[in-house]
Amino acid sequence: MTQTINIGGASGYWGESAMATPQFLAHKEAGGALDYLVYDYLAEITMSILARAKAKDPSKGYATDFVDYVIRPFADRIASSGVKLLANAGGVNPEACGAAVREIIKEKGLDLTVAVITGDDLLGNKDKIAAEGLRDMFDGRDFPDVDKILSINAYLGAFPVAKALAAGADIVITGRCVDSAVTLGALIHEFGWEATDWDLLASGSLCGHILECGPQVTGGNFTDWEDAGDIAEIGYPIAEVAADGSFVTTKPDGTQGIVNVGTVSEQMLYEIGDPQAYFLPDVICDFSEVTIIQQAPNRVQVSPAKGRPAPATYKTCLTYADGFRAGTYVTHYGGNATAKAQKFGKAALDRANKALRVFNLGEYTEFSQEIMGAGSQFGEARESDEVVMKLAVKHPDMRACAIFLKEVSGLALATPPGLSGFTGVRAKPSPVVRLFSYLTPKGELPVKIDVGGNVITHTDALFSPTPAPIPHTLPKPPQDADTDVPLIKLAWARSGDKGNKSNIGIIARQPEYLPYLVAALTPDIVEGALSHFMETSGAVEVFHLPGSHSINFLIDNVLGGGGPASLRNDSQGKGYGQILLRQMIKVPSHIASQI
C-alpha cells in the first residue's frame, strides 16, 4: 500500500488566479513530491450562472477556466509529470467539459484518459420534484415556481471519483459534488478505504476541506496577514496524507505565504457549522477533537478526525430567479462626506420612487444604503472626510432597477460637492438568485462514470444512522480576569457563509486563553456585535472544538438572504470575524502583560 499521497489544492472557485497549475508543475519538475492536483470551481451562484450559459448555448455550462487556463496551456507538462487532475469543472454540463478536454488531448497527441461523472443534475426532473410538495430544509419556504428554476443539483460524494481512477483515468471531471470529494476520491483509491471506514473518510474529507480554498490556508484571508509575505507570489497548499488519515499541510519551496497553526485552524473552522455534525454524502464528520501542531516552518501536522455513518440522502440545492436587483458605488470626499453621501442616497431613492409611480411599477421590495468609511460595517455612525457609498434595490421588474441606476447617475449635477468615482462602465440590473435546499434519497440517483467511453454506474450504499456525539462542555468561566485586551491579541478568526447563515470560527492563540474567550464571547455578545446585520434575534449557536482550542459560532438570518439574493456589501459574511476581533476581552494581568 502507498505510504503517503501528495495532493495540491489548485483552485478555490471559478475565476481564481491561474497561477497554481504552473506553480505545482514547476514544483514537480524540480523534484518535489506531487501525485494529484484538485480543482474546486463550483458554488451555488456559479451553478445558476452556468445554467443560464447552457440555456443560451448547449455547448456551454462548465467552468471554462479549467479548459482554457489548465488543460490547453499545460497539457504536455501534465502528461509528462504523471500528476492526475481531479476537478468539479463540469458544472451543469460535464459532458461538454469532458469533450473539450479530450479534443485538446487528441490535438496534442497525448496519452491521457479522461473520465466524466454525471448524475447530479436534476433539472430535467423539475416538474416531478415540484409535485412532491417539498419545503426548504432550513427555513421551511415553499417550493418555488417551476418556471423560475435555474438549476437543481445533488451534492455527490467521492466514491465515483475513486472508481474513475481505478478504471485508469488521468483526469476526472465531475459536475456538482461536495468540495472535498475530489480529494477524498484520490485517497479512497490510493489507500483502499471502504465505505464503512468512517474515521478515515472523515479524515480524508477534512484534508479536502483544508485544500478546497487554495491559498486561503497558506496565508490568504489570514488574521495575521502581515506574516504572509508577498501575496502576489503566494504558495498554493500541498497535503502530504498518510494511510491513517493524518496529514501535513505545506506549500512549494520558494513560494510566499505562510502555513502555521493559525492558517490551518482558520481553514478547518471555515463554514463548517456544527463541528461534530459536518454532513457529507460519504460520512458525517466530527472535527471537534482534531489537533493541529506546528511540525516545522510551513509544515503543520493535522491529526485524524472522527466519523459516523453516511446519511441516506444527498443535500440538493436548487437555484431560482426571484426578481431583479441593481446597485452601484459612488464616493464623496471633503468636509462632512458622510452627510453628503446620506443626502445623495436619499435623493436618488426619492427620484426613483417618483419615476416608479409614473410607470405604475410599484415600490422597491428592498433598498440598501451602506456608507463605507462611516462605520456602516461595524454598526456605527461617524462623520468622515472620505467615504464610499453602496446603493442597491430589489424589484420584481427589471425596468424598475434600471430606473434606479439612471436616477443615481442623473444626480451627478445636483449632488453635494465631492462626488467622484470610476467612470466608463455603468452598472446594469441583474437577476436575484435564491437558494432552495432539500434532500434527495440516494437510491433515486444513479451516477454514471464515463472513462474514455467505458461507462460505469455507481449507487452509494445505505447505512443505519448512529446517535450524534454529546456536545463538548465549554470551559468554566475564569474568576481571575481583570484586564481588558483586544480579542485579536488572543485569537485568530475566520468567517464565511452558508446560505443566509454566517459561520465565525475563533481559535485561541494559546490553549490557556480559551476559557477567557468562552467567558467573554457569549451568544448575547456576538449577537450584539452583529445586530445591525441580523434579521432575527436569538439566532446564535455556539460549538466547542477542544482539540484545536476553538469556538465556532453559527448565526442565522444575518446575510440579507445571502449570496446573489443579498444587497449587502458583504453578502457572505467574510468580514464578520474582523468585527468580532475588535471585542475587548478580560484576562488576568499576567496574560495581558505577555501579549
Hey, among the residues in the range 115-164 that are within 12 Å of CYS317 (Cβ to Cβ) and of a type in the set (Phe, Trp, Tyr), which one's most open to solvent (accessible area, probe 1.4 Å)?
PHE138
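Pick from ALA164, ALA154: which is among the hydrophobic types (A, V, I, L, M, F, W, C) and either modelled with pLDDT under 95 or over 20 Å from THR46 (Cβ atoms) (or both)? Lay out the reasoning, then the answer.
Numbers: ALA154 fails: either modelled with pLDDT under 95 or over 20 Å from THR46 (Cβ atoms) (or both).
Of ALA164, ALA154, the one residue that is among the hydrophobic types (A, V, I, L, M, F, W, C) and either modelled with pLDDT under 95 or over 20 Å from THR46 (Cβ atoms) (or both) is ALA164.
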Is it the case, given these coordinates, that ILE551 is surrounded by 20 or more Cβ atoms within 10 Å (Cβ to Cβ), over 21 Å from the mean Cα position of the chain (by Cα), at pLDDT 95 or above and outside any helix (DSSP H, G or I)?
no
Are there any pairs, at least 6 apart or on different chains, whose C-beta atoms fall under 7 Å, with the first in the range 495-508 and open to solvent by less than 10 Å² (accessible area, probe 1.4 Å) and the second of a type in the set (Phe, Trp, Tyr) and assigned to a loop (DSSP other than H, G, I, E, B), and if so, which?
GLY496/TYR270; GLY505/TYR270
From the list THR21, THR46, which residue is part of a helix (DSSP H, G or I), touching a helix residue (DSSP H, G or I) at 6+ places or on another chain (Cβ under 9 Å) and open to solvent by less than 50 Å² (accessible area, probe 1.4 Å)?
THR21
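Condition first: assigned to a loop (DSSP other than H, G, I, E, B) and under 27 Å from the mean Cα position of the chain (by Cα). Now tell me which residues in the range 107-144 satisfy that. Break it down into steps so the answer makes sense when it comes.
To start, the set of residues in the range 107-144 that are assigned to a loop (DSSP other than H, G, I, E, B) comprises 109-113, 119-120, 122, 131-134, 136-141, 143-144.
GLY119, ASP120, LEU122, LEU134, ASP136, MET137, PHE138, ASP139, GLY140, ARG141, PHE143, PRO144, listed by residue number.
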Report, by residue number, each residue of the range 509-541 that is open to solvent by less than 40 Å² (accessible area, probe 1.4 Å) and outside any helix (DSSP H, G or I).
LEU521, PHE533, MET534, ALA539, VAL540
Here are the criteria: (1) open to solvent by 20 Å² or more (accessible area, probe 1.4 Å); (2) in a helix (DSSP H, G or I). Tell me which single one ILE71 does not satisfy.
(1)
Would you be able to say whether some residue in the range 586-593 is more than 15 Å from TRP492 (Cα to Cα), touching a Gly at 6+ places or on another chain (Cβ under 9 Å) and crowded, with 20+ Cβ neighbours inside 10 Å?
no
Quick check on PRO471: is it free of Cβ contacts under 8 Å to residues at least 40 places away in the same chain, within 23 Å of GLY273 (Cβ to Cβ) and open to solvent by 50 Å² or more (accessible area, probe 1.4 Å)?
no
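Scan the range 556-566 and give yes if some residue there is hydroxyl-bearing (Ser, Thr, Tyr) and closer than 20 Å to VAL432 by Cα, otherwise no. Show your work before the answer.
From the range 556-566, those hydroxyl-bearing (Ser, Thr, Tyr) are 566; that's our starting set.
Checking which are closer than 20 Å to VAL432 by Cα leaves us with 566.
Yes.
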Out of all the residues in the range 302-316, is one or more surrounded by fewer than 20 Cβ atoms within 10 Å (Cβ to Cβ), assigned to a helix (DSSP H, G or I), in contact (Cβ under 8 Å) with a residue 60 or more places away in the chain and of a type in the set (A, V, I, L, M)?
no
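The values are calculated or read from the model by the stated rules, or taken from the named source; none is laboratory data. Because the structure is a prediction, the values reported are computed rather than measured. Counting neighbours? That spans all protein chains shown, and the Cβs are built from the backbone with ideal geometry, glycine included. Side chains are part of the model used for accessible areas, which takes the heavy atoms of the whole protein and leaves out ligands, DNA and RNA. Shrake-Rupley method; radii C 1.70, N 1.55, O 1.52, S 1.80 Å.
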